[in-house]
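To start, the structure under review is shown below, and the notes come after it.
The values are calculated or read from the model by the stated rules, or taken from the named source; none is laboratory data. In this text, all values refer to a predicted model and were calculated from it rather than measured experimentally. Here the Cβ is made from the backbone with ideal geometry for all residues, glycine too, and neighbour counts use every protein chain on show. Protein only, heavy atoms only, side chains kept; ligands, DNA and RNA dropped before computing areas. Shrake-Rupley method; radii C 1.70, N 1.55, O 1.52, S 1.80 Å.
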Amino acid sequence: PKDKYGQPYIIGNLGGVPVNLPSSVVRLVEYDDSPGWDFEKLRTYNPPTRSYQSIIMSFGFEINYADKELFDYKQNLARHRKEEDIPGSHWIDVSIYNIYQNNKIEDILDSYVADDIENSPNKHPTDYYEPTGEKQFGLSVYASPGIDPGTGKPWRENLYAKDVFVHWNEQGHVDTYIKCSNSKVPRPMCQHDFVLSNEIKLSVTLLYDRHVLHDWKQIEDAAKEAVYGFMQ
């Protein structure tokens with residue numbers, strides 16, 4: 001099948017579902033037999049003809065979560081360039097990972113929080129988190145406790161410190177995990193992880209400006225809708 005430009009879709013099986021990926025929208029598509037970043041294998045790699053049985057392991061794309069417009073370099077490159085780097089930009093980066101081929105853990109995000117709250121002498125203080133008791137935008141807030149003896153300021157204000165935001169589902173498992181930079185820069189970034197596990201089984205990572213964290217649910221829903229839109 002071909003896209004609206006007459007170009008063949010990138011096709012395959014993504015999380016158990018056949019998909020059509022527009023080549024003007026997606027990037028870095030990797031199949032289960034791809035050489036990845038092994039440059040020696042890349043030199044001699046001859047990719048097979050793909051079908052809907054070919055297992056896709058990962059790819060990326062961008063979407064404007066406010067109007068749900070996908071970044072398409074043939075269609076809206078000028079708009080994207082104008083808007084992508086402004087504080088509070090609605091353009092988000094989406095990375096898709098087919099973790100279920102080799103990893104059957106449904107509640108993988110629980111382990112993220114468990115690792116954050118595990119105190120270890122080998123951890124830097126900015127890598128250890130405790131619940132603050134705060135709620136922001138319906139999310140529970142975790143932060144690095146204590147004072148940096150070198151500066152006398154809270155570790156939470158360290159240049160490399162981040163805050164963690166967590167949401168649980170009705171079964172008591174983490175279904176949204178967000179880690180945001182505390183840096184005093186124009187666009188402090190958030191990494192937002194969630195898992196699709198119903199009709200399609202995938203791990204999804206989003207990157208966006210902390211200024212739009214209040215829209216986290218709208219952002220997550222826009223990313224989900226875009227992934228479902230690739231389904232054949």
Connecting every pair of Cα atoms under 10 Å apart in the chain and solving the GNM, the largest mean-square fluctuation among Leu202, Leu139, Leu42 falls on Leu42
Net charge (Lys, Arg +1; Asp, Glu -1) of residues whose beta-carbon lies under 13 Å from that of Ile11, Ile11 excluded, is +1
Lys/Arg Cβ at +1, Asp/Glu Cβ at -1, dipole of the range 53-141 taken about the Cα centre: which of Tyr73, Asn98, Ser140 is farthest positive-ward?
Tyr73
Explain nothing, just compute: Karplus ³J(HN,Hα) = 6.51 cos²θ - 1.76 cosθ + 1.60, θ = phi - 60°, for every residue of the range 51-59 in order, whole Hz, x for Gly and Pro.
9, 6, 9, 5, 7, 8, 9, 6, 5
So what's the range 100-179 giving for Rg/Rh, alpha carbon basis, Kirkwood Rh from the mean inverse pair distance?
1.03
Test of the criteria: in the range 29-125, which chymotrypsin sites (Phe, Trp or Tyr not before Pro) are in a DSSP loop and have at most 13 other Cβ atoms within 10 angstrom of their Cβ?
Trp37, Tyr45, Tyr52, Tyr73
In a Gaussian network model of the chain with springs linking alpha carbons closer than 10 Å, the residue among Glu199, Glu84, Glu130 that fluctuates most is Glu199
Sum up the charges of everything whose Cβ sits under 14 Å from the Cβ of Pro131, counting Lys and Arg as +1 and Asp and Glu as -1, but leave Pro131 out.
-3
Taking the dipole of the chain about the Cα centre (Lys, Arg +1; Asp, Glu -1; charges at Cβ), the one of Asn182, Ile63, Trp168 that reaches farthest to the positive side is Ile63
Peptides 15-26, 178-189 ordered by average Cβ neighbours within 10 Å, highest first
15-26, 178-189
Å³ per residue of the Cα convex hull, for the range 32-163?
243
With charges only on Cβ, +1 for K and R and -1 for D and E, what is the dipole size of the range 181-232 about its Cα centre, in debye, rounded to 20?
240
Could you give me the percent of Cα pairs per 5 Å distance bin for the range 106-232, shortest bin first, beginning at zero and ending with the bin that holds the maximum distance?
2, 10, 19, 22, 20, 13, 8, 4, 2, 1, 0, 0
Accessible surface of the range 128-232, 1.4 Å probe, proportion on carbon and sulfur as whole %:
51
Stretch gain in nm, segment Val185-Asn169, where the contour uses 0.36 nm per residue and the Cα spacing is subtracted:
2.5 nm
Where only C-alpha atoms are counted, convex hull volume of the chain per residue in Å³
163
Set Lys2/Lys201; Lys123/Lys217; Lys82/Lys184; Lys74/Lys201; Lys153/Lys217 screened for pairs whose C-alpha atoms are more than 28 Å apart
Lys123/Lys217; Lys74/Lys201; Lys153/Lys217
Averaged per residue, what accessible surface does the chain expose to a 1.4 Å probe, in Å²?
54
Specify the angular offset, from 0 to 90 degrees and rounded to the nearest 10, of the alpha carbon long axis of helix 216-229 from the longest principal axis of the alpha carbons in the chain.
20
Candidates Thr176, Thr126, Thr44; GNM for the chain (alpha-carbon contacts under 10 Å) flags as most fluctuating Thr44
About the Cα centre of the chain, what is the dipole size in debye to 20, counting +1 per Lys and Arg Cβ and -1 per Asp and Glu Cβ, all else neutral?
740
